[in-house]
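This report concerns only the one structure given below.
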Amino acid sequence: METIQMAKRLAELGKPEEACKGYELALRLQKDLAPEDKMEAALFVLQFGGDYTYAYRAFLELNHQGKFKEETAAIMTEAFYAPNEKLLRSHYENNCKQLRKYKYIFRKDFLPFEELPIRFYPFDDKSYVPYYPGEDRFGEITDYSYPVVSRSFFHDLENPILAKDVYSQYELEYLNDNVRPSEYVAKENHIYLHYTDWAEFCAYLQVLLLRKMLVDQKFVFLIDDEIEMYPIDFKEKYGMDYGSFPLKPVGLREINRLVWHTQLSYHNGGDFFNEVLDGHPNLICTNSIMNHSMEEALEDIRETLNEVRSIQELIEVFDANDWGDPEIIKDLYRMRNRTDKDILVGLLCRDKNLMSCLDPESRIVPAIMYQPHFGHVANNLVGDSQGRAMMTSDQFDAIKKSSVFKNFKYIKTFTPMRRITTSYGATMRFMALQPDHLPDGKVGLINDEVLARVTFRGFMKDEEQRVFKDCVVVRFEDGKLNPTATFKALAEFLDLPYTESMTYCSFNGQQMDEIVPGNVQGFDAASVYKTYDEYANDAERTYMEYFLRDAYEYYGYDFHYYDGEPMTKERVKELIKGFDIINSYIRKTRLLGYREGFERLREEDKKAGLEKEYAMTPEKEAEMKTEEEMEYYEEKRLFVADLLMKGLNFVNEAGAPMAFMPKLKLDPALLEKPLYR
């Protein structure tokens, strides 16, 4: 029996609570409900106290489809608009009152509330459904505070910022927070907001919060043909000569914009993107930083700032540690409600190399590009009750919990991607060429990089996580083969001007012949076509391509190893048996690590005066432990294959579907070479 039929039966039996749950489940899961059943379910859920959002969505879908149009409109008006009309009216009138007093809006004949061309039906605490009476049409559910900057406001900084029809609360606050006051940059630097329809502008005053932003007096509102006033000569019109002000250095708390350069795995071209973005006049561009090292540094500075009792003691402590600019550490010390975000900003701003490339006269506050690096990236993959693959990641959990990320108001995320089999081969080559021992004397172990590539799907986003709201994947191959198109598109996404500094690779603003030893330099495309056949075989690469085929299709990669034929469990087993290269490296490092470990234990026993008889030599024990571990890897590969052969359906811990990060779109007119496949 279908869910909707079960719900109807429960209602007939006089069990409203159980029926309500059934109707709610039907609305949530049954996408093909008949209009009559959807209407019945929505009414029941609304009447008997279920989750109203399912009912609301159902009414809206029916209205959009032209089904029960009058009835759904009447229900939504009575249930969702009428109870909130007084609040919306009050909000509108308060905004009008504030704008009437505001100096830089030149039209003030605000419409009566009843004549506004849009009504906003509250959906939840953040979102609204716009209704257009003149068209008798409902729009889509919209959150005007959704944390995405949807366009490039800062592409041209030669003139004051001019933006058209900005109705996003988030974007208005973004402009207000990131465009510096005219007094700070010694030139006219107001934000010109051009609204092409006065009535529409008035309507949005029901849902926008302007009061706090108006206090800063950065906005100039231009309505319709008032655009001809742009830009205003403030010296002539208002007697304000901004050129007479001294330049003011950027304050630590002015900086509120983070560019997160994510780590998809290893050898994806991250260094290349760092080198292109390096030296940008509006970006404090850091190289890859080990996450644990940065966390330790922040903790150390935090504790020291909390413990010192005077400015003199502060300076003595930080001078002894080569801090640099003493004014920055003083600012941090005096700062109220100091956060790790503030400390990170201070830590970077004290670095003269990072700051030397910034434009001190820029109209906008610089952003920080931050690339926390993890020594090992991996996903935990398990099957849920519906046969889907549930993904968790210790690395992404660390980012989600990071107080640094939590305290940046504006975050853009970009993820470099390289053909996965090429990235794998490059990683294996790098590991194979490393010394057997790490600097601390321990053996450098090689893990199952094939499985890591298949399970760590870092190009997929949990849409509930703040850091993935505004994100994009950019392909390494595009950056190498079509640099102008790629980096103009990336600059537009990051809301940075495309500058000359993005046409070459540099370190601390200086062009160098070799920045990272061993890397293919600059825009040389040789690394695009490398296959690393000595470090990866076809069985390993076929396994990866098959279980990542959805990503290959979405991001525009052709198969180079998987032949497109149906995959069977028997074929998967044969592929796994052929993982000769990765197995040889895992086995080699494990044998060495275990043997030295067992030898060390024997030495410790000997030093302690213990006389023991050992059943096996260290070499034999190492062989046994290594084979146990190799069996574990084979079982894990088979488990993952079995799970993913049920379908490439991925969910987060709450069971919500994971989605692909959008791919950076390039302007076809700027392509120098055909897109890499």
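The values are calculated or read from the model by the stated rules, or taken from the named source; none is laboratory data. Computed from a prediction, not measured in an experiment: that's the story for all the values here. Quick reminder, even Gly has a Cβ in these numbers, built from the backbone with ideal geometry, and neighbours come from all protein chains shown.
State which residue is surrounded by the most Cβ atoms within 10 Å (Cβ to Cβ) when the search covers only the range 317-370 and only residues that are among the aromatic types (Phe, Trp, Tyr) and outside any loop (DSSP other than H, G, I, E, B). Checked the range 317-370; the qualifying residue surrounded by the most Cβ atoms within 10 Å (Cβ to Cβ) is PHE318. Among the candidates TYR633, TYR614, single out the residue that is over 26 Å from TRP260 (Cα atoms), of a type in the set (Phe, Trp, Tyr) and not in a loop (DSSP other than H, G, I, E, B). So the residue among TYR633, TYR614 that is over 26 Å from TRP260 (Cα atoms), of a type in the set (Phe, Trp, Tyr) and not in a loop (DSSP other than H, G, I, E, B) is TYR633. Of the set (1) surrounded by 15 or more Cβ atoms within 10 Å (Cβ to Cβ); (2) modelled with pLDDT of 95 or more, all apply to PHE598 but (2). Restricting attention to the range 655-677, the residues being in a loop (DSSP other than H, G, I, E, B) and either within 19 Å of GLY458 (Cβ to Cβ) or in contact with a Pro (Cβ under 7 Å, 6 or more places away or on another chain) (or both) number 5.
For the range 352-404, give me each residue that is more than 18 Å from ARG466 (Cα to Cα), in contact with an Asp or Glu (Cβ under 7 Å, 6 or more places away or on another chain) and β-branched (Val, Ile, Thr). Residue satisfying the conditions is VAL365 alone. Listed by first and then second residue, the pairs linking a residue in the range 138-163 that is without any contact (Cβ under 8 Å) to a residue 24 or more places away in the chain and under 14 Å from PHE120 (Cα atoms) to a residue that is among the polar types (S, T, N, Q) and surrounded by 15 or more Cβ atoms within 10 Å (Cβ to Cβ), with Cβ atoms under 8 Å apart and 6 or more places separating them unless they lie on different chains, are THR142/SER127; ASP143/SER127. The residues on offer are PRO130, PRO112, PRO117, and the sole one that is in contact with a strand residue (DSSP E or B) (Cβ under 9 Å, 6 or more places away or on another chain) and surrounded by fewer than 18 Cβ atoms within 10 Å (Cβ to Cβ) is PRO117. Every condition in (1) loosely packed, with under 13 Cβ neighbours inside 10 Å; (2) free of Cβ contacts under 8 Å to residues at least 12 places away in the same chain holds for GLU627 except the one numbered (1). When the range 444-474 is filtered for residues that are in a loop (DSSP other than H, G, I, E, B), small (Gly, Ala, Ser) and crowded, with 16+ Cβ neighbours inside 10 Å, only GLY458 remains.
Strands (runs of 3 or more DSSP E) fully within the range 92-205 that include at least 2 residues being of a type in the set (A, V, I, L, M) and at pLDDT 95 or above: 162-164, 191-195. Looking only at the range 322-356, residues that are within 22 Å of SER288 (Cα to Cα) and over 29 Å from the mean Cα position of the chain (by Cα) come to 3 in all.
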